[in-house]
1. Looking at (1) β-branched (Val, Ile, Thr); (2) modelled with pLDDT under 75; (3) within 15 Å of the chain's Cα centre (by Cα), find the lone condition where residue 147 falls short.
2. Quick one: what pairs do we get from the stretch 33-54, first residue surrounded by fewer than 18 Cβ atoms within 10 Å (Cβ to Cβ), second of a type in the set (Phe, Trp, Tyr) and in a loop (DSSP other than H, G, I, E, B), C-beta under 6 Å, 6+ apart or different chains?
3. Pick from the stretch 96-142 the residues that are under 16 Å from residue 71 (Cα atoms) and out of contact with any strand residue (DSSP E or B) (no Cβ under 6 Å at 6 or more places or on another chain): which of them is modelled with the highest pLDDT?
4. Considering only the stretch 115-140, how many residues are of a type in the set (D, E, K, R) and either in contact (Cβ under 8 Å) with a residue 40 or more places away in the chain or open to solvent by less than 40 Å² (accessible area, probe 1.4 Å) (or both)?
5. Hey, could you check the stretch 41-64 for residues that are outside any loop (DSSP other than H, G, I, E, B) and among the aromatic types (Phe, Trp, Tyr) and say which is farthest from residue 206 (Cα to Cα)?
6. Between residues in the stretch 192-205 that are open to solvent by 10 Å² or more (accessible area, probe 1.4 Å) and residues that are at pLDDT 95 or above and of a type in the set (A, V, I, L, M, F, W, C), which pairs lie under 6 Å by C-beta distance while being six or more apart or on different chains?
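The values are calculated or read from the model by the stated rules, or taken from the named source; none is laboratory data. Note that the structure is predicted; figures quoted are calculated from it, not measured. Virtual Cβ from ideal backbone geometry, glycine too; neighbours counted across all protein chains shown. The accessibility values were calculated without ligands, DNA or RNA, using every heavy atom of the protein model including side chains. Shrake-Rupley method; radii C 1.70, N 1.55, O 1.52, S 1.80 Å.
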Amino acid sequence: MFLSLKSLSRSVHDDHQEHPELSETEGGGLCTSLTVWRKSLIVSCKGFTVIDSNGHLVYRVDSYLGGRTKELILMDGSGKTIFTMRRRCKNLRLVDTWLVYAGEVGEFCTSGQPILYVKKSINILHAEPNVLAYVYRRSTDKRYAYTIEGSYSQRSCKVVDETKRVVAEIRPKDALNGCISFGLEVFVMIVQAGFDPGFAMGLVLLLDQMFS
């Protein structure tokens, strides 16, 4: 089934109307709503396509390698790198940790060092079964900066900061105009003001690697 970017963008607008409480943050700032399509626009690639409510391409991922990989690159609509994410290799397959590096565009400075660390939660070691992953600012940090909670397989996740405030979430988009089912390949990402949408999309890519 081929879907145009314009038709997908209308699904974001529909969701925004169905959930008016998400149109503004507590401080009065508007949030960002994006449609995520788990498909590359390049026929021979795997990846993601992310568009705004006007049908504009804002993020993309194009990979010639399917399945689990050691490196992911999140690009903006013009193809410039926003983040590069590399899997840290460990002997234990249960330990899935990713290092996030700044790219050539975005609000983060390019220093050559990882700017964030994302570690998959292992339920047998933690008392928080609802947590999917932990996000740390430094590899030596004992306390996480964010947690990702929910179920990626159901496309129902929240990114929660240290104060327990939800800064971003993803939710399924079941239908367009009430008649077409998208399944799990198309979903909505909602990012609150003050949280970088590019980083939120980077976390989605890592969840896809950890739980698909």
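1. Checking residue 147 against (1) β-branched (Val, Ile, Thr); (2) modelled with pLDDT under 75; (3) within 15 Å of the chain's Cα centre (by Cα), the one that fails is (2).
2. 45/64
3. 102
4. 1
5. Of all residues in the stretch 41-64, those outside any loop (DSSP other than H, G, I, E, B) come to 46-51, 57-63.
Among the residues that remain, those that are also among the aromatic types (Phe, Trp, Tyr) are: 48, 59.
Details: 48: 12, 59: 15 Å.
Going through the qualifying residues, I end up with 59.
6. As it stands, the answer is 192/167; 195/167; 195/168; 197/191, since those pairs meet every condition given.
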